[in-house]
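First up is the structure itself, then whatever we jot down about it.
The values are calculated or read from the model by the stated rules, or taken from the named source; none is laboratory data. Please read these numbers as outputs of a predicted model, since none were measured by experiment. Cβ atoms come from the backbone with ideal geometry, glycine included; neighbour counts cover every protein chain shown.
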Ligand code: MG
């Protein structure tokens, strides 16, 4: 038995609630108190463990319950008894065994890659190619409905060396958005500003309000209107002098193909959770880049474990060059679930070089946050 041919004999799934430090509002919904994610642990016959996270949001990707049962009921039989070397065939089977559930499939591929990396004694990024950089510039999102609290956050992250923020807009009126853009430009002139509506604008106001905020010359404006409004996205992209980014409109390579054909934007937020894994997220990035689009390293509401899959993706994918938003573990959750601190320093995320994902979760922390777990989880 080579190490890659060892069988996967255990699969544990947890649904956890992760407490957060503040309320956050977005065009499509709020986060208050905490957010829920689903965690996956695979165990091999030789005692190896691979971890992955399904970070879900019901208004965006799907519910945590859907991720939990996708893994526990529908994906479990595709994994148990297979070997670590079977990653690609397991992912193919999962793709067609259950529709959608992209976050669950992301957790699955991440856990398999984590095991593979540990056997190869390489970080996950090295399984895809060379490392493009040692660190990734970090953006922090500004989304508190109480802007005074966000001023405090802006001062704190500025002191920490963060020089990019993404302002969440489209949830509390146009004047509030204009006021915050003006305030950030005036008080933090050395911070790069990005804007994200999270689909918050109505079709009849989408173009005008996007153009109004373009006056502040942000690096990009993200997803002003609903995901399915491809024609309107294309019109806004044509008429807006600032780069338009698609997020909710593009999940996997299939969406990217159509989005490129219909010219709905000039950039895309790449997320492991939307694509159904690192392999497909890389595919989206390569397609986008080939079409002349720019790529941003987006995330959902994630713990440090979810961030790690995005970090390894970006380390191996230089096409994603607009920075990342893996800030939750340091700036948003009350306590992260990793056993070591998620590596953010001077406004950058540092890319781990340890085998696999590089940092293990802390089981005790997970158990304390658990609201549902598979019968086998121990
Ligand atoms: Mg977005």
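Checked against the criterion of being out of contact with any helix residue (DSSP H, G or I) (no Cβ under 8 Å at 6 or more places or on another chain) and at negative phi, the candidates 87, 95, 180, 76 yield just one match: 76.
Among the conditions (1) within 12 Å of the ligand (Cβ to nearest atom); (2) over 17 Å from residue 320 (Cβ atoms), the only one that residue 262 does not satisfy is (1).
Scanning the stretch 81-121 for residues that are free of Cβ contacts under 8 Å to residues at least 60 places away in the same chain and more than 24 Å from residue 253 (Cβ to Cβ) returns no hits.
Per-residue answers, yes or no, for (1) away from the ligand (no atom under 16 Å from the Cβ); (2) within 30 Å of residue 370 (Cα to Cα):
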{"site": "245", "(1), (2)": "no, no"}
{"site": "267", "(1), (2)": "no, no"}
{"site": "270", "(1), (2)": "no, yes"}
{"site": "273", "(1), (2)": "no, yes"}
{"site": "297", "(1), (2)": "no, yes"}
{"site": "309", "(1), (2)": "yes, yes"}
{"site": "322", "(1), (2)": "no, no"}
{"site": "340", "(1), (2)": "yes, yes"}
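When each of 151, 142 is tested for being more than 16 Å from the ligand (Cβ to nearest atom) and either crowded, with 18+ Cβ neighbours inside 10 Å or more than 23 Å from residue 251 (Cβ to Cβ) (or both), the lone residue that passes is 151. Residue check: is residue 340 surrounded by fewer than 17 Cβ atoms within 10 Å (Cβ to Cβ) and under 19 Å from residue 130 (Cα atoms)? Answer is no for this residue. Among the residues of the stretch 336-366, write down those that are outside any strand (DSSP E or B) and without any contact (Cβ under 8 Å) to a residue 60 or more places away in the chain. 336, 339, 340, 341, 342, 343, 359, 362, 363, 364, 365 - these are the residues of the stretch 336-366 that are outside any strand (DSSP E or B) and without any contact (Cβ under 8 Å) to a residue 60 or more places away in the chain. Kindly list the number of the only condition in (1) in a loop (DSSP other than H, G, I, E, B); (2) within 15 Å of the ligand (Cβ to nearest atom) that fails for residue 284. Among (1) in a loop (DSSP other than H, G, I, E, B); (2) within 15 Å of the ligand (Cβ to nearest atom), residue 284 violates only (1).
Those residues that are assigned to a strand (DSSP E or B) and under 27 Å from residue 114 (Cα atoms), I need them from the stretch 287-296; list them, please. Of everything in the stretch 287-296, those that are assigned to a strand (DSSP E or B) and under 27 Å from residue 114 (Cα atoms) turn out to be 295, 296. Could you check the stretch 239-281 and list, in sequence order, the residues that are touching a helix residue (DSSP H, G or I) at 6+ places or on another chain (Cβ under 9 Å) and in a strand (DSSP E or B)? Within the stretch 239-281, 243, 244, 246, 267, 268, 270 qualify.
Being assigned to a loop (DSSP other than H, G, I, E, B) and touching a residue at least 60 places away in the same chain (Cβ under 8 Å) is the filter; apply it to the stretch 190-220 and report the residue that is nearest to the ligand (Cβ to nearest atom).
198
Scanning the stretch 145-157 for residues that are in a loop (DSSP other than H, G, I, E, B), touching a strand residue (DSSP E or B) at 6+ places or on another chain (Cβ under 8 Å) and under 15 Å from residue 191 (Cβ atoms) turns up nothing. Criterion first (within 20 Å of residue 356 (Cα to Cα), crowded, with 24+ Cβ neighbours inside 10 Å and modelled with pLDDT of 95 or more) does residue 314 satisfy it? Considered against the rule, which asks whether it is within 20 Å of residue 356 (Cα to Cα), crowded, with 24+ Cβ neighbours inside 10 Å and modelled with pLDDT of 95 or more, residue 314 comes out as yes.
Is it the case, given these coordinates, that residue 336 is in contact with a helix residue (DSSP H, G or I) (Cβ under 7 Å, 6 or more places away or on another chain) and more than 24 Å from residue 276 (Cβ to Cβ)? So residue 336 passes the test. Between 209, 156, 185, the distinction of being outside the structural domain of residue 58 (by TED's automatic domain parsing) and crowded, with 17+ Cβ neighbours inside 10 Å belongs to 209 only.
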